[in-house]
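Undergrad: Before we start, here is the structure in question, set down as structure tokens.
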Amino acid sequence: MAAPAVPHSTQGRLRAAAWVLYDLANTVYAATLTFLFTPYVKQALGDDLRGLGLVQLASMALAGLLVPVFGALLDQTARTRGYLTIATLLCIAATAAFGADVAPGWLLAFFFVANVTYNLGLLFYNALLPAVAAPGSEGRLGGLGTGLGYFGTIVVLAVLVPLPVDDATRFPLAALLFLVTAAPCLLLVRDPRRPRGNGSVAAVRAAFARLGATLRDLPRQRALLWFLIGNFCLVDVLNTAVLYFADFTTSVFQNAAALGPLQLLGVEFAGANAMRDFVIVLGLLLNGLALVFGIVQGRLSDRAPLRVMRSSGFALLVALVGGALFGGRSELGYALTLVVAGAYGLAGVWTAGRTVVVLLAPPDRVGEYFGLYGITVKLSVVGSAVYGFVEYYAGAKPAMLAQSAQLLIGLLCLAMVRVPATPPAATAR
């Protein structure tokens, strides 16, 4: 059964705003990983990121296995809000525990739980998009969510990172911010579809059966197949960039900072906190631009989502090469390539990807298609594991350049995708 169009009413707009706000909550978690947790756990592990990369790989692999099953189950039960609430609260609890005084192994265990539940939550959240967006406006609303979401990173960088408190306090504060910004969506947005099952064992079996049929049919769904492979490659780079941005920036500029002050657009970074302040400014610039790009690309995605995806992939390639070329040599060159081009690619891939899924999916199989989309998102962690090992043995720049291979493959796959001129009809039963 197709989800009804959202009425032009105060209640409909309120639900749409609540859905958009959850994107901000998601970004609070991602920013906490990038700018707080990764430096913290690297220090706890003695400057060795291999363990973090492996746990990232394991957690995303588990999420990738669970996502398609839950995606098919959503279409059976329509209990999307309940699943989203459980996943969100578990992620928030694990995030709050990052600051606990425990052994490094426990830190990685908390990260594993947080990452699995966070990524399952993304599936449930994305599947609610047709419930809050009128047909034809999915890209606009998704782009607004993507753009506003980056404000969460700005809050983390401007408030939590420089806050004069210890980590035992900083991580619970990040978790609290996550909860406050996620709560409206958990309370106000629901899946309007009628359930076809009750979540029982029979419903789970039906979900598995439906998923199996979809996977067997995937080779005949050429547009979807090429899109999933291309999205896998692009998101692989994004996951790596999000996790290691602060670490990479610190690694390539720390020698330059030791020789003299860093300068960017007339601002000088010197003293004991030079690298921290430099990373904060670059992070603010990256996410401020991503906010603007996300809103603009949302409107473009309603008309040409594949064009946005392809241009975003090319921008990511520029970011990788520029980051390696200018890192430690030119603060301005680094900002114009890795930061500006990276912001465009970061916003565009997420915004346009969700729109393409909605265009390819029959209305009664949105959860299932987002489940398949979720596989490409969750299993796109090869790059993070590769980065950890290459960085350990060869350095940060080779680790960053190693990400370019899958970008080129992804762009080639996206060139094979064709979006249908009219939305798919509901499937016959």
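Undergrad: Can you name every residue in segment 49-67 that is of a type in the set (Lys, Arg) and at pLDDT below 75?
TA: Those that are of a type in the set (Lys, Arg) and at pLDDT below 75: none in segment 49-67.
For (1) within 20 Å of the chain's Cα centre (by Cα); (2) aromatic (Phe, Trp, Tyr), each residue gets a yes or a no:
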position: SER59; (1), (2): yes, no
position: GLY64; (1), (2): yes, no
position: LEU73; (1), (2): no, no
position: TYR83; (1), (2): yes, yes
position: ALA87; (1), (2): yes, no
position: ALA93; (1), (2): yes, no
position: ALA103; (1), (2): no, no
position: VAL113; (1), (2): yes, no
position: VAL116; (1), (2): yes, no
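Undergrad: For segment 231-271, enumerate the residues that are surrounded by fewer than 17 Cβ atoms within 10 Å (Cβ to Cβ) and either of a type in the set (Phe, Trp, Tyr) or assigned to a helix (DSSP H, G or I) (or both).
TA: GLN254, ASN255, ALA258, LEU259
Undergrad: Do the conditions hold for SER301, that is, is it at pLDDT below 90, not in a helix (DSSP H, G or I) and not hydrophobic (A, V, I, L, M, F, W, C)?
TA: Answer is no for this residue.
Undergrad: Something else: I need every pair where a residue in segment 372-396 that is over 23 Å from GLY121 (Cβ atoms) and part of a helix (DSSP H, G or I) has its Cβ under 9 Å from the Cβ of a residue that is among the basic types (Lys, Arg) and modelled with pLDDT under 80, sequence separation at least 6 or different chains.
TA: From residues that are over 23 Å from GLY121 (Cβ atoms) and part of a helix (DSSP H, G or I), the pairs are GLY388/ARG50; PHE389/ARG50; GLU391/ARG50; TYR392/ARG50.
Undergrad: What number of residues within segment 254-302 satisfy the criterion of being in contact (Cβ under 8 Å) with a residue 60 or more places away in the chain and within 26 Å of the chain's Cα centre (by Cα)?
TA: Count: 21.
Undergrad: Quick one: how many residues across segment 31-50 are part of a helix (DSSP H, G or I) and among the charged types (D, E, K, R)?
TA: So the answer is 2.
Undergrad: Going by the conditions given, is PHE70 under 30 Å from SER251 (Cα atoms), aromatic (Phe, Trp, Tyr) and either part of a helix (DSSP H, G or I) or modelled with pLDDT of 85 or more (or both)?
TA: Here the answer is no, as PHE70 does not meet what is asked.
Yes/no matrix, rows are residues, columns are (1) in contact with a helix residue (DSSP H, G or I) (Cβ under 9 Å, 6 or more places away or on another chain); (2) of a type in the set (S, T, N, Q); (3) within 29 Å of LYS42 (Cβ to Cβ):
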residue	(1), (2), (3)
LEU225	yes, no, no
VAL235	yes, no, yes
LEU238	yes, no, yes
VAL242	yes, no, yes
ALA246	yes, no, yes
THR250	yes, yes, yes
LEU262	yes, no, yes
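Undergrad: Just for segment 90-121: of the residues that are in contact (Cβ under 8 Å) with a residue 60 or more places away in the chain and surrounded by fewer than 22 Cβ atoms within 10 Å (Cβ to Cβ), which one is farthest from ASP236 (Cα to Cα)?
TA: Among those residues, the one meeting the criterion is ASP101.
Undergrad: Hey, another quick one. Going through LEU336, LEU359 one at a time, which residue ends up being touching a Pro at 6+ places or on another chain (Cβ under 7 Å) and assigned to a helix (DSSP H, G or I)?
TA: LEU359
Undergrad: Restricting to segment 268-309, name every residue that is in contact with a Lys or Arg (Cβ under 8 Å, 6 or more places away or on another chain), within 21 Å of LEU238 (Cβ to Cβ) and not aliphatic (A, V, I, L, M).
TA: Within segment 268-309, GLY298, SER301 meet the criteria.
The values are calculated or read from the model by the stated rules, or taken from the named source; none is laboratory data. Computed from a prediction, not measured in an experiment: that's the story for all the values here. Using ideal geometry, Cβ is built from the backbone for each residue, glycine included, and neighbour counts are taken over all protein chains shown.
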